[in-house]
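The values are calculated or read from the model by the stated rules, or taken from the named source; none is laboratory data. Just so you know, these numbers come straight off a predicted model, no measurement behind them. Methodologically, a virtual Cβ is constructed for each residue, glycine included, from the backbone with ideal geometry; neighbour enumeration extends over all protein chains shown. Areas reflect the complete protein model, heavy atoms only, side chains present, ligands, DNA and RNA absent. Shrake-Rupley method; radii C 1.70, N 1.55, O 1.52, S 1.80 Å.
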Amino acid sequence: MSLVTDLINLDLSDTTDKIIAEYIWIGGSGMDLRSKARTLDGVVSDPKKLPKWNYDGSSTGQAPGEDSEVILYPQAIFKDPFRRGNNILVMCDAYTPAGEPIPTNKRHNAAKIFSHPDVVAEVPWYGIEQEYTLLQKDLKWPLGWPVGGYPGPQGPYYCGAGADKAFGRDIVDSHYKACLYAGINISGINGEVMPGQWEFQVGPSVGISAGDELWVARYILERITEIAGVVVSFDPKPIAGDWNGAGAHTNYSTKSMRNDGGFEVIKKAIGKLQLRHKEHIAAYGEGNERRLTGRHETADINTFTWVRNFLFAAIIFQNSEISVSAVKIQQIS
Amino acid sequence: MDVRSKARTLSGPVSDPSKLPKWNYDGSSTGQAPGQDSEVILYPQAIFRDPFRRGSNILVICDAYTPAGEPIPTNKRCRAAKIFSHPDVAAEVTWYGLEQEYTLLQKDVKWPLGWPIGGYPGPQGPYYCGAGVDKAFGRDIVDAHYKACLYAGINISGINGEVMPGQWEFQVGPSIGISAADELWAARYILERITEVAGVVLSLDPKPIEGDWNGAGAHTNYSTKSMRNEGGYEVIKKAIEKLGLRHKEHIAAYGEGNERRLTGKHETADINTFKW
């Protein structure tokens, strides 16, 4: 196989100016990632200068068979940690040939909101803590767990090290460097409470770029686990029982929140969030009712609570040494 | 459909195919000549860089002739090249974009790569352009092939995972006239060589698995200068009408087994139906 590896790692920059661009988009389920690659004549660093592309939406549950063309608009460029050189990953969103965002395209509206001058002026920061579980291929049982049985109860695994406590660190560490290489603002990683479960964080990033960076980080993780022969699951509660779920705690702040008097701004914002709890939770993805039980470091899905300085409450606050307030909103989504 | 090759040493680098020596091979070993008169001559037609040997080493696409200089019956390239070099055709700058689909099979078992032996994967849906160990089978081959072809100087324009798991596609083009074909065959050869190293079987069969599984075709994109210019859509419609008149003859020339692929299901039209 080493000849195959040599070819995969070939540095083409001495032989050609051409580069390979892997266009990435979100499929019809809202969580499945799709990608395909094309050759470009030379290096491109501005997404606006990349060509639009198309794909068969009937194969991803995003268009009917008799009218299946969906158009990809390039939105963000990252360096390709697999092909290296000048090759790139391109995060895209999806439109009809007439130029309308398709129904599953949430990015379009979000980007509009983020580009509103009032929003831009507030410089909204996102820090997203993506938890995930590694599963054994074919079995769909967590990595490192005995087949047909369970590991010892939660306790030793959170940030643990050792063959009996940390399962799959090679994936986590290669993902960390791959994301840094790609230009993603990955801020950290840690082993989680449930064995075989891990977390990486993206941010603080501003506005829509937090979304783009998170999705590309998820894509890179999917590609690395593919090579490692392991399944990555973003399911919020992969194992029922006395085992933690996997969420995406979202840290958020605006300029006003970070300035003097910011705590009052934060309290006002929390008051507003409370008014639409049900609508918000419904938008945060499927399956959260299995995770948000009120146990295993969660709040019950129907309950909106906030407390200052408690790590596991619905919303916590943190006054840093430089007197900047950060709102950490436990993802009720 | 079987690609054959053998290597020889040359005294120094050559970049012009017409400067390469002609060669010969034993046609009775490839079903191309009788045993008692088996010499077939190879005429070099196109040079590509060898992604396996690298350096100044080359791959040479050839076509086959009798010692008397006649193209042997299976040599389709000779006639095609004549047509492409006709001044009227050359003036139209005919572009081809070829989408070659293919299936990767486990060695010995001849069951698709990644499929459980004696069983089937989950139904089609997650695999098209998918990523993840349960959705994409054999990406290392596909990615190695992409770079190898770019290195070789083939105009490979992209790759994607296909609807059936273990099935992939690469595209060659847009390339002009006969070079589109030379590049496609060189790309097929490179894929055969890479799967050989990877221990996996390459299949270009149009319908490798019966049932609710997509086939593997080679969608061909085509245009001429007139089609690409103002008023081109009318030129296209005229050309389509002409194609419609000889549908049966054309289909018969497009290779064996397409009746198993072109059923009207799985994103195909029925083989007897011509529609646009």
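Loop by DSSP (not H, G, I, E, B), at most 13 other beta-carbon atoms within 10 Å: where is the longest site-free stretch of chain A for chymotrypsin sites (Phe, Trp or Tyr not before Pro)? Walk me through the intermediate numbers first.
Values: sites that count: A:Phe310, A:Phe312.
No qualifying site falls inside A:1-309, the longest such stretch.
List the GluC sites (Glu not before Pro) within the range A:238-302 that fall in a DSSP loop (any state other than H, G, I, E or B) and whose Cβ has at most 15 other Cβ atoms within 10 Å.
Values: sites: A:Glu264, A:Glu279, A:Glu286, A:Glu289, A:Glu297; in loops: A:Glu286, A:Glu297.
Here the sparse-neighbourhood loop sites are A:Glu286, A:Glu297.
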Say each of B:Thr220 and B:Asp108 gets a label point 7 Å from the Cα, pointing the same way as Cα to Cβ; how far apart are those two points in nm? 3.9
What does the charge add up to near B:Glu169, with Lys and Arg as +1, Asp and Glu as -1, over the other residues with Cβ less than 10 Å from its Cβ? -2
What figure in square angstrom, to the nearest 10, would you give for the accessible area of B:Leu105 with a 1.4 Å probe? 20
Computed curve, the range B:1-75, Cα-only Debye sum without solvent term, log₁₀ I(q)/I(0) at 0.26 Å⁻¹, is -1.27
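Quick check: residue separation of B:Asn272 and B:Lys248 times 0.36 nm, minus the Cα distance between them. What number comes out in nm?
Values: separation 24, 0.36 × 24 = 8.64 nm, distance 0.74 nm.
Net length gain for the segment: 7.9 nm.
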What accessible area, in Å² to the nearest ten, does a 1.4 Å probe give for B:Asp2? 100
Among the lysines, which fall within straight-line cross-link reach of A:Lys140, defined as a Cα-Cα distance under 17 Å, with same-chain neighbours fewer than 8 residues apart omitted? A:Lys237, B:Lys135
Nearby lysines by direct alpha-carbon distance to A:Lys48 (threshold 26 angstrom, same-chain neighbours under 8 apart not counted): A:Lys18, A:Lys36, A:Lys79, A:Lys106, A:Lys112, B:Lys147
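Can you give the convex hull volume per residue for the Cα atoms of the protein assembly as shown, as a whole number of Å³? Intermediate results must be reported in sequence, preceding the final value.
Numbers: hull volume 116.9 nm³, N = 609.
About 192 Å³ per residue, rounded to a whole number.
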Hey, what number do you get for chain A at 222 nm if only DSSP H runs of n ≥ 4 count, each worth -39500 (n - 2.57), divided across all residues, to the nearest 500? -7500 deg cm²/dmol
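Determine the dipole magnitude for the protein assembly as shown: charges of +1 sit on the beta-carbon of Lys and Arg, -1 on that of Asp and Glu, nothing else is charged, the reference point is the Cα centre, and the result goes in debye to the nearest 20.
Numbers: 64 positive and 72 negative charges, 115 e Å.
That gives the protein assembly as shown a dipole magnitude of about 560 debye.
Could you give the size of the charge dipole of the range B:95-261 about its Cα centre, using +1 on the Cβ of each K and R and -1 on the Cβ of each D and E, expressed in debye and rounded to the nearest 20?
Details: 17 positive and 21 negative charges, 68 e Å.
It works out to roughly 320 debye.
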Chain A, relative contact order [Cα under 8 Å, separation at least 6], %: 13
Working only with C-alpha atoms, what are the Rg and Dmax values of the range A:8-52, expressed in angstrom? 13.3, 41
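What is the magnitude of the charge dipole of chain A about its Cα centre, with +1 placed on the Cβ of each Lys and Arg, -1 on the Cβ of each Asp and Glu, and no other charges, expressed in debye to the nearest 20?
Values: 33 positive and 39 negative charges, 139 e Å.
Here chain A has a charge dipole of around 660 debye.
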Could you grab the relative contact order for the range B:1-75? Cα pairs under 8 Å, six or more apart, rounded to a whole percent. 23
For chain A, what is the convex hull (Cα atoms) projected area averaged across all directions, in square nanometres? 20.1
Once the dipole of chain B is set up from charges on Cβ (+1 Lys and Arg, -1 Asp and Glu), the residue from the list B:Ile41, B:Trp168, B:Ile209 lying farthest towards its positive end is B:Ile41
Two pseudo-spin positions, 7 Å from Cα along C-beta at A:Lys49 and at A:Ser187, lie apart in nanometres by 3.2
Given charges at Cβ of Lys, Arg, Asp, Glu: the protein assembly as shown dipole, positive-most of B:Ile236, B:Tyr102, A:Pro101: A:Pro101
